[in-house]
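Remarks on the structure that follows.
Any read-out appearing in this document is the output of simple, stated calculations on the displayed coordinates, not a laboratory observation. Just so we're clear, the structure is a prediction, and the values are computed from it rather than from any experiment. Counting neighbours? That spans all protein chains shown, and the Cβs are built from the backbone with ideal geometry, glycine included.
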Amino acid sequence: MMKHPSPRPPRLQGASLRAGYDARRVLDGVDITIAEGKLTVLLGPNGSGKSTLLKTLARTLTPSAGHVYLDGQDIHRSNTREVAKRLGLLPQGPVAPEGLSVKQLVGMGRFPHQGLWQKNAQQDAAAIREAMAFTNVTEFADRNVDALSGGQRQRCWIAMVLAQQTDLILLDEPTTFLDLKVQVDLLALLSRLAHEHGRTLLLVLHDLNLAAAYADHLVMMRDGHIVTSGPPSDIFTAENLQRVFDLEAHVIHDPESGSPICVPRKRHQVASEPGVVV
Amino acid sequence: MTQSSTLTYESGANNESNRLLHSLWLLSLLLAASAGLSLCLGSFPTQPLQVLSALTAPAHSDIAFIIWQLRLPRIVLAILVGAALAMSGAILQSIVRNPLASPDVVGITSGAALAAVLYLTLLSTSLSTLLSIHWLPAAAMLGALVSALLVASLAWKNGISPSRVVLVGIGLAAAMGAGTTLLIVISEDSAAMTAYVWLTGSLYAAQWGDVMGLMPWLLAATPVVLAFSRHADAMALGDQVAEGLGVPILRSRMILLGCSVALAGAAVAFAGGLSFVGLIAPHLAAKLVGRNLARLVPVSALVGALIVVNADLLGRVAFLPKDLPAGIFVAGIGAPFFVYLLHRSRGRV
């Protein structure tokens, strides 16, 4: 054992990232390091580049400039299968093909671990079982994914990513279009992954208050830049919400947990203020 | 609690492989029965016992000639053609993620048809001294390849998008269909007649040489398709999910598309424009074993073989002494089935 271990590179890091679709540039020079063992949430208005940043970090979008480093190596130049053993991705609104069973879907998470000739059936079965148990979908194992409710379906997709057994997990809007109760349950599940299982999670979320309640770390984006980042208690402030979202809001605190909550001001109050264009 | 859930999980896996095994057995039996029946029936009356003795002890008799040189190569070719078309369709439907995809729809068949009809037209002109009818399969395959490359390059935009392949394929198929019709209209009557029979898809006068021509393509493509079947299964979850799972999307898609084109091109080269097999067979197979490509491919192949063998049998014996192209009967079942599929997929994304 070394007395002074050389500093390990961060697990996932983006450096001066520029990216976009066709001619439209969405990310304009973004630097980011994802905190290990934490749940980080990317927040920002529509078109701010948060999904683009997540896709670039997950290597499904190639940046026009800058680099993404996974354990110190350029992710876009690494073997995609080797990357998939360390980094899992759940894109926005995935759709399972008709007739696919839950167990088959979760089993697909084993893809990067299965070679053409070698595959460890026991290890695969154990990983699939564990992932289904953690997300509480074991009872649906033989049902078809398309026959389940939205929340159950999303738990199955998360189980697929968990079966991949990666320490890093990136999820793009995993709670969109779900009931509030289902969103809360999913976020509680994801935060348990970070806090009890040491996984590093990066999420794009739309709901400000849920993000403030469950994130260890918030990253606020606007117009392809990171405006500010830090723990919710530090950066989830009325000033920042105004800067990032153009949102007039009070920030109060949950008496039970202490997490910040934003309460938008009513529209007529905004309109009555001088100098505000409605 | 965990104990029982473990049990459900594993018994589920066993059910799937049982279904695959049962389907393979059942279809193989049906295929063997159909092939046996086809071997016994024909314009020349033969008894099952005579057929059996001709098979086991080939002699220089009329029956031995009929069995070994006329019926057997035709049945074997029918099996191979059906299997190749069905596998091609199964691959296409899975990588394009569209149940309506098939080699006919995305332009592979029409490319082969245009090339074949062009070749037949040239045969009836003064160029005929330079050309031989034996090169017809090569011309058809070349047409399938060119058409597939055209579809792929026109559909190209930062990679190959499945939905664009279907749209471009349909457009190109229509254009090439028009070209084929034009050629038939302006060519001589005899050439037009041959072209029509070819277009319908016929196994008439199949020879062992045709079997030997088609066999290598199946032998080469099958292991590649099976090796990449998991890639296709992952791509069925969407490109981004597949990329997240570590699938080299572009490479895998090109390889699978290449196999699909080679299989359909080779089948069409030797049996003409047999349409609908590539569409129907994978659907029936999916009803039996689901959409997992490694299971779907062998089951589709058997279903496809079964369809073509029986269609050809019908064409040979139902309207004696006329020998009708198998394609008529495949299309007769296929067209209504296609309409049914369209009807069923209404209102779905």
What is the distance in Å between the Cα centres of the range B:68-102 and the range B:167-237? 10 Å
Rounded to the nearest 10, the angle in degrees between the Cα long axis of helix A:121-134 and the longest principal axis of the Cα atoms of chain A comes to 30 degrees
Once you place label points 7 Å from the Cα toward the Cβ at A:ALA126 and A:PHE177, how far apart are they in nm? 3.7 nm
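Under the rule of -39500 (n - 2.57) per DSSP H run of 4 or more residues, summed and divided by the residues of chain B, what mean residue ellipticity at 222 nm is obtained, to the nearest 500 deg cm²/dmol?
Values: 15 runs with 262 residues, N = 349.
When only DSSP H runs of four or more count, the value is -25500 deg cm²/dmol.
Taking Rh as the Kirkwood radius computed over C-alpha pairs, what is the Stokes-Einstein D of the range B:186-273 at 10 °C in a medium of viscosity 1.306 mPa s, expressed in µm² per second?
Working: Rh = 15.4 Å.
D, rounded to a whole number, is 103 µm²/s.
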Amide H neighbours of A:ALA65 at under 5 Å, excluding residues fewer than 5 places away on the same chain, with H built from the backbone geometry, are A:ARG18
Going from the fewest other Cβ atoms within 10 Å to the most, one would list A:CYS156, B:CYS40 as B:CYS40, A:CYS156
Beyond 23 Å, what share of the Cα-Cα pairs of the range B:19-344 is found? Please give it as a whole percent. 57 percent
What is the mean number of Cβ atoms from other protein chains located within 10 Å of the Cβ atom of each residue in peptide A:151-161, rounded to a whole number? 1
Taking A:LEU193, B:LEU70, A:LEU162, B:LEU92 and counting other beta carbon atoms within 10 angstrom, the fewest-first order is B:LEU70, A:LEU193, A:LEU162, B:LEU92
Expressed as an acute angle from 0 to 90° and rounded to the nearest 10, what is the orientation of the C-alpha long axis of helix A:150-163 relative to the principal long axis of chain A? 60 degrees
Could you derive backbone 3J(HN,Hα) for the range A:196-209 from the dihedral phi with the Karplus parameters 6.51, -1.76 and 1.60 (θ = phi - 60°), listing whole Hz in sequence and x where the residue is Gly or Pro? 9, 10, x, 7, 9, 10, 10, 10, 9, 10, 9, 7, 4, 5
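Hydropathy at least 0.5 by Kyte-Doolittle, axial extent at least 24 angstrom from the Cα trace: which helices of chain B, defined as entire DSSP H runs, fit?
Details: long enough: B:2-40 (57 Å, 0.29); B:72-96 (36 Å, 1.94); B:136-154 (27 Å, 2.12); B:162-186 (36 Å, 1.79); B:208-227 (29 Å, 1.35); B:249-271 (33 Å, 1.70); B:293-317 (36 Å, 1.62); B:326-344 (27 Å, 1.42).
Span-like helices here: B:72-96, B:136-154, B:162-186, B:208-227, B:249-271, B:293-317, B:326-344.
Among bridges DSSP assigns within chain A, what percent are antiparallel (round to 5)? Don't skip to the answer; put the middle values down first.
Values: 25 of 42 bridges.
Of all bridge pairs located within chain A, approximately 60 percent are antiparallel.
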Which entries in A:LYS85/B:LYS287; A:LYS181/B:LYS287; A:LYS119/B:LYS157; A:LYS55/A:LYS266; A:LYS103/A:LYS181; A:LYS50/B:LYS287 show an alpha-carbon gap greater than 31 Å? A:LYS85/B:LYS287; A:LYS181/B:LYS287; A:LYS119/B:LYS157; A:LYS55/A:LYS266; A:LYS50/B:LYS287
Global geometry of the range A:74-233, whether rounded, prolate or oblate, following the gyration tensor of its Cα atoms and the 1.5 cut on a/c: oblate
Averaged over A:97-108, number of beta-carbon atoms from partner chains that fall within 10 Å: 5
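With N set to the residue count of chain A, report its C-alpha Rg divided by 2.2 N^0.38 Å to two decimal places.
Details: Rg = 20.1 Å, N = 278, 2.2 N^0.38 = 18.7 Å.
That works out to 1.07 for chain A.
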Note, B:ALA267: beta-carbon cut-off 13 Å, +1 each Lys/Arg, -1 each Asp/Glu, net -2
What does the net charge come to around B:ILE249 if you take all other residues with beta carbon closer than 9 Å to its beta carbon, with K and R at +1 and D and E at -1? 0
Semi-axis lengths, Å, the protein assembly as shown, gyration tensor of Cα atoms, sqrt of 5 times eigenvalues: 58, 27, 21
